[in-house]
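K.L.:
Before anything else, here's the structure in question.
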Amino acid sequence: MLERSENNDAHVSYLEEQILLEQIRTGNLEALEASYAKASSEDLKRLGKMSDSPFKQLEYACCSFVTLATRAAVEGGLDTDTAYSISDVYLQRLAKCLTPRDILSLLEEVRFGFAKAVRDRRRERARISYLEQAKDYIATHLNKEFTLESMAKEIGVNPSYLSRKFKEYENMGIAEYTSRRRIQAAENMLKYSDIPIAAIAQYLCFHSQSYFGAVFKEYTGLSPRRYREQEKVTDFFPHYTA
C-alpha cells in the first residue's frame with residue numbers, strides 16, 4: 001500500500017470491477033464496447049502487483065478475470081455446464097499464450113465472449129417464454145375464435161416473429177397446433193360426456209360438423225361417432241363398497 005502511495009498508483013476500484021461484471025452478467029455488449037473503447041494502457045497498471053514479471057502479471061490477471069466472468073455469466077442466467085466449459089477453453093488457451101499481446105487479445109475475447117453467451121441465452125429464454133404464453137393462450141381459447149394478431153397483441157410480441165418461432169420450436173404452425181389441441185379436447189368430450197357431436201363441433205369453433213368430422217378423422221383415424229362408440233366411458237366414477 002505504501003509503495004503504491006509513493007508511486008501514485010491507484011488500484012482498480014471495487015465499483016469499477018462490479019460495473020464490468022454487471023455488463024457481462026446482463027449481456028450488455030454495447031456498454032462493454034463503450035468501456036473498452038475508453039480503456040488505456042494505464043488501466044493495466046492498476047491491477048496491483050501480482051508478479052515482477054510483466055507476462056506473469058497479465059497471466060494471473062487473465063486467470064482471475066476468467067474466474068470472475070464465469071461466475072458473473074452464471075448469475076446472468078448462463079447454465080453452469082456451458083459457463084464452465086467456456087471457462088475451461090479460455091484457460092487452456094491462456095496456457096498457450098506466448099506474448100503479452102496474446103493475453104491482452106484473450107482478455108478482450110473473454111469479456112465479450114461471456115457477455116454474448118449470456119445475451120444469447122437470455123434471448124433464447126425470452127423466445128421460449130413467448131411460446132409458453134402462446135400455448136397458454138391457445139389452451140384458454142379452444143372454445144373461442146382468435147387470430148394470430150390478437151394472440152400476439154396479448155403476449156406483446158410481433159405476430160410474424162411469434163409465428164416463425166412457434167413453428168421452429170414445435171415443428172408445426174400455430175393453426176395446426178390449435179387444431180390438435182381442439183381435437184384432444186373433443187376426444188375427452190366424446191369419451192366422458194353425452195354432448196351431441198354437432199354441439200362439440202360448434203363449441204370448439206369448427207365451422208361445420210362435417211369439417212369437424214374430417215379433421216377429427218385425420219388426427220385419430222376414426223369418425224367422431226365411431227370414436228365415441230369405441231372409447232365412451234360409461235362408468236367413469238368407481239363404486240365403493242363398505
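K.L.:
Taking the stated definitions as given, is G77 open to solvent by less than 60 Å² (accessible area, probe 1.4 Å) and not in a helix (DSSP H, G or I)? Steps first, answer last, please.
P.N.:
Numbers: open to solvent by less than 60 Å² (accessible area, probe 1.4 Å): yes; not in a helix (DSSP H, G or I): yes.
Considered against the rule, which asks whether it is open to solvent by less than 60 Å² (accessible area, probe 1.4 Å) and not in a helix (DSSP H, G or I), G77 comes out as yes.
K.L.:
Check off (1) open to solvent by 50 Å² or more (accessible area, probe 1.4 Å); (2) over 19 Å from R182 (Cβ atoms); (3) without any contact (Cβ under 8 Å) to a residue 40 or more places away in the chain for G113 and give me the number that stays unchecked.
P.N.:
Of (1) open to solvent by 50 Å² or more (accessible area, probe 1.4 Å); (2) over 19 Å from R182 (Cβ atoms); (3) without any contact (Cβ under 8 Å) to a residue 40 or more places away in the chain, only one is false for G113: (1).
K.L.:
Could you list, in sequence order, all residues of the range 80-102 that are loosely packed, with under 11 Cβ neighbours inside 10 Å and part of a loop (DSSP other than H, G, I, E, B)?
P.N.:
Result: K96, L98, T99.
The values are calculated or read from the model by the stated rules, or taken from the named source; none is laboratory data. What you are looking at is a predicted structure, and each value in this text was computed from that prediction instead of being measured. As a convention, Cβ positions derive from the backbone with ideal geometry for all residues, glycine included, and neighbour counts pool all protein chains shown. These accessible areas exclude ligands, DNA and RNA; they are computed on the full protein's heavy atoms, side chains included. Shrake-Rupley method; radii C 1.70, N 1.55, O 1.52, S 1.80 Å.
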